[in-house]
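Here is the structure we will look at.
The values are calculated or read from the model by the stated rules, or taken from the named source; none is laboratory data. Note that the coordinates shown come from a computational prediction; the quantities given were computed from them, not determined experimentally. Don't worry about glycine lacking a Cβ; one is built from the backbone with ideal geometry, like all the others, and counts go over all protein chains shown.
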């Protein structure tokens, strides 16, 4: 700590301090590049590890599955489609309840409602139905969940009648078995994730959002839920199972659950996909061996791994669940979604028989039935370049440390420079006090009890108003959407339009704010260096803290903000200043949302003309912004709060730094500055000169 408060206390300064003062700029850029390169290298099979089971109690290959009833699935699917015609915009709950009761299961319904938190506050109602298979070999202490989201025929998304048929056929088969040691809950939800969130809150008697969702009460419960499988199949004709893992706020399930489902699919000969990328079928045994030579991997294989890794990181960074399973993680329940996909690019792949689907689900639940305790041994923090390889937290966090460490190195270097400059100015302005300090230090050096004085830049206090103002603006942004939506409803504006216009207007106000502020609360040429030190540390802390729960979000925020933060500061050249201001605008949270939604829309709808594509990009951006706000009220999503309370203040400070004009250096004074005195001869000469005067 003494090095930071008194960097020039010793002769010539400490070597570490000298290195920071002289080489901090290029060292910070070097660390930034190394951090980005290390993330890109994680997709290489040489640095990834093969997946394995940590929980031996699962025993996925111990028994052979006995499900072989394809006719039941086919007949149930035909009956569901016929019954769905009578409920074009709702769920045929009476028919579903009747089918479960015929199997001898406990059947219950669950009612819930949503008071929309924005705009005029409309109210929506929904219903879920669930059946409980009580464990014959144990008391109702533990449970498993088999869930399916029901989608009406006229829904915008693909229907899930095939999933419901598999669920009912599995319930019929499970009910005839006597080896269950855990309760099994068969759950059919309405309104996608809204129904699942209401059911989970009612099951655990706990509200996760702001109270907008009235979850109601459940007539009956089972044991403590240990794991859940969500099945989504639009038809019975598919060639692959695609796995979805990403949960709310970037949470992931235990890696053993994913390995279990992946292993059982491979045993049944079902094609496997992750993030829409097909897993190798030929040479799979060869791929699971450790790669000894990193140059033996082809570019196509590395590109495949990088695409899969980046796709997973992008979805995790959004904080939006990729399926109904993503809402279980908050309650300590491991869950994932299995999606049936027809891969058209590979016509030689055979379609998955219905019996294989039933056997996979039976094997998964029988393995979960063997669990003696909750999942805890395998990883909860990981990235997957493929379904057979993983990158643990011990591999990707050192690279992130280099990335965020670039900000810390530059902050330390600039701080030491500011402290040394302040100390030099203090000694130059008061040489007599300097003589007394040196004389006192020389007398105490014999006893070796000298404590270096703490020196702080005098401009440190002037940065506090700027920091407080930026975080007050972030606090206002956090609480702005609800009153804006209410005001927009009075002018017959849609909620998405009113929120977008309100936040854009406030952002324009924040852009113009440094122009009209007085010197007391703005960045000046005197305090910008200290303020930059503070904001560099704040961005690094933001990245580290977010990465502990959602690594992908912390990585992308740090990657985008670090270059702008490293080069921020007043500029003499107008072109350089304009470039800094332009790059700062590009990292504004609203601009980032627009760019991400535009790229996703262009990739999905590449055949549309420019005019329609532009309209679709704007609509997608408005919906994404509105959804991130409503998810915070309903599900407890934290992405909007992170963006408004933490990211937006950092952006405003960077904008203020780059907005400030730089002035030319002041001309040198006629009087020579007082020299630093370091010997008794200099002290004596200075005293004699004072006597002569």
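Exactly one residue among 507, 549 is touching a helix residue (DSSP H, G or I) at 6+ places or on another chain (Cβ under 9 Å) and surrounded by fewer than 17 Cβ atoms within 10 Å (Cβ to Cβ), and that residue is 549. Which of the residues that make up the stretch 122-149 are in a loop (DSSP other than H, G, I, E, B), at pLDDT 90 or above and closer than 30 Å to residue 212 by Cβ? Hits for the stretch 122-149: nothing passes.
Give the stretch 571-585 a look and list any residue that's in contact with a helix residue (DSSP H, G or I) (Cβ under 6 Å, 6 or more places away or on another chain) and either over 15 Å from residue 647 (Cα atoms) or surrounded by fewer than 18 Cβ atoms within 10 Å (Cβ to Cβ) (or both), or say none. 571, 580, 581, 583 - these are the residues of the stretch 571-585 that are in contact with a helix residue (DSSP H, G or I) (Cβ under 6 Å, 6 or more places away or on another chain) and either over 15 Å from residue 647 (Cα atoms) or surrounded by fewer than 18 Cβ atoms within 10 Å (Cβ to Cβ) (or both). Restricting 383, 368 to those that are at pLDDT 85 or above, in a strand (DSSP E or B) and assigned by TED's automatic domain parsing to the domain that holds residue 264 reduces the list to 383. Just one of the listed residues (548, 566, 541, 553) is more than 25 Å from residue 499 (Cα to Cα) and in contact (Cβ under 8 Å) with a residue 40 or more places away in the chain, namely 566.
You will find that of 209, 247, 283, 223, the residue that is in contact with a helix residue (DSSP H, G or I) (Cβ under 8 Å, 6 or more places away or on another chain) and modelled with pLDDT under 90 is 209 and no other. For the stretch 144-161, the set of residues classified as touching a strand residue (DSSP E or B) at 6+ places or on another chain (Cβ under 7 Å) and over 14 Å from residue 364 (Cα atoms) consists of 148, 149, 150, 160, listed by residue number. Are any residues in the stretch 145-202 under 19 Å from residue 324 (Cα atoms) and without any contact (Cβ under 8 Å) to a residue 60 or more places away in the chain, and if so, which ones? Of everything in the stretch 145-202, those that are under 19 Å from residue 324 (Cα atoms) and without any contact (Cβ under 8 Å) to a residue 60 or more places away in the chain turn out to be 150, 151, 155, 156, 157, 185, 187, 201.
Residues in the stretch 231-244 that are touching a helix residue (DSSP H, G or I) at 6+ places or on another chain (Cβ under 9 Å) and closer than 22 Å to residue 58 by Cα: 231, 241, 243, 244. Is it true that some residue in the stretch 174-189 is more than 25 Å from residue 66 (Cβ to Cβ) and either at pLDDT 90 or above or assigned to a helix (DSSP H, G or I) (or both)? Taking every residue of the stretch 174-189 in turn, at least one turns out to be more than 25 Å from residue 66 (Cβ to Cβ) and either at pLDDT 90 or above or assigned to a helix (DSSP H, G or I) (or both). The sole residue among 606, 498 that is outside the structural domain of residue 36 (by TED's automatic domain parsing), assigned to a loop (DSSP other than H, G, I, E, B) and over 18 Å from residue 469 (Cβ atoms) is 606. Being under 30 Å from residue 263 (Cα atoms) and crowded, with 16+ Cβ neighbours inside 10 Å is a property that residue 138 lacks.
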